[in-house]
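What follows is one structure encoded as structure tokens, with my remarks underneath.
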Amino acid sequence: MIHQRTTILTIDTSGQGLTEITDRVVSWAGQAAMREGLLTLFVRHTSASLLIQENAAPAARRDLEAYFARLAPESADYEHDDEDPDDMPAHLRAALTQTQLAVPLIAGRLAFGAWQGIYLFEHRRRPHRRDVALHLIGA
């Protein structure tokens, strides 16, 4: 029999950068007591994104953050600047990454690789409260 479970995780960010949410996601999925299935994550914002990324070496995260800052820098050239100078670059960074992820559930565990973690990637400079919708379907 197929079962489904959903929730919304609220993540408080400290500003631009990667916030690891792996432990919260793993804990929630483990409570479902399913053996096989698929977890979908969806961030409900246009200036933040989700990534599965290296979770062992902090330098990898710093390099990733610096790369996106160079790729979509703050600039007076953007027409859309309704909130702050970091508004449009945040939208560009979100468009270049992902708003949803899918992770298989195999033998009761999320099937991460050895050094993979789930991150909320905050693209705005100031702290935000972000919502991530989780949907687990399986048996």
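The values are calculated or read from the model by the stated rules, or taken from the named source; none is laboratory data. The shown structure was predicted, so the numbers you read here are calculated from the model rather than taken from an experiment. Note that we place each Cβ from the backbone using ideal geometry, even for glycine, and neighbour counts take in every protein chain shown. Protein only, heavy atoms only, side chains kept; ligands, DNA and RNA dropped before computing areas. Shrake-Rupley method; radii C 1.70, N 1.55, O 1.52, S 1.80 Å.
Is segment 37-85 rounded, prolate or oblate when judged by the Cα gyration tensor, a ≥ b ≥ c being the square roots of its eigenvalues, rounded requiring a/c under 1.5 and prolate requiring a/b larger than b/c? Write down the numbers at each step before the final one.
Working: a/c = 3.86, a/b = 1.39, b/c = 2.77.
It comes out oblate by the Cα gyration axes.
By accessible area, using a 1.4 Å probe on protein heavy atoms only, the chain has 51% of its surface on carbon and sulfur. Here the simple spin-label model places points 7 Å from the Cα toward Cβ, and for His135 and Gln31 these points are separated by 2.0 nm.
Using Cα pairs closer than 8 Å and at least 6 residues apart in sequence, work out the relative contact order for the chain, in percent.
55 percent
Karplus-derived 3J(HN,Hα) values for segment 123-136, using 6.51 cos²θ - 1.76 cosθ + 1.60 with θ = phi - 60°, are 9, 9, 6, 8, x, 9, 9, 10, 10, 10, 7, 10, 9, 10 Hz; glycine and proline are entered as x.
Note the full-extension length gain between Ala102 and Thr40 as 0.36 nm times their separation in residues minus their Cα-Cα distance, in nm to one decimal. Walk me through the intermediate numbers first.
Numbers: separation 62, 0.36 × 62 = 22.32 nm, distance 0.45 nm.
Using 0.36 nm per residue and subtracting the Cα-Cα distance, I get 21.9 nm.
I need the chymotrypsin sites (Phe, Trp or Tyr not before Pro) found in segment 69-137, filtered to DSSP loop residues with at most 11 other beta carbons within 10 Å of theirs. Sparse-neighbourhood loop chymotrypsin sites (Phe, Trp or Tyr not before Pro): Trp115.
Each of the GluC sites (Glu not before Pro) that DSSP puts in a loop and that has at most 15 other Cβ atoms within 10 Å breaks the chain; the longest unbroken stretch is 84-139. Shape class for segment 88-138, computed from the alpha carbon gyration tensor (a ≥ b ≥ c): prolate, with a/c not under 1.5 and a/b above b/c. Relative to the dominant Cα principal axis of the chain, helix 22-31 is inclined by about 30°. Rg/Rh, computed from the Cα trace of the chain with Rh as the Kirkwood radius, has the value 1.02. Segment 61-139 and segment 1-49 have Cα centres lying 13 Å from one another.
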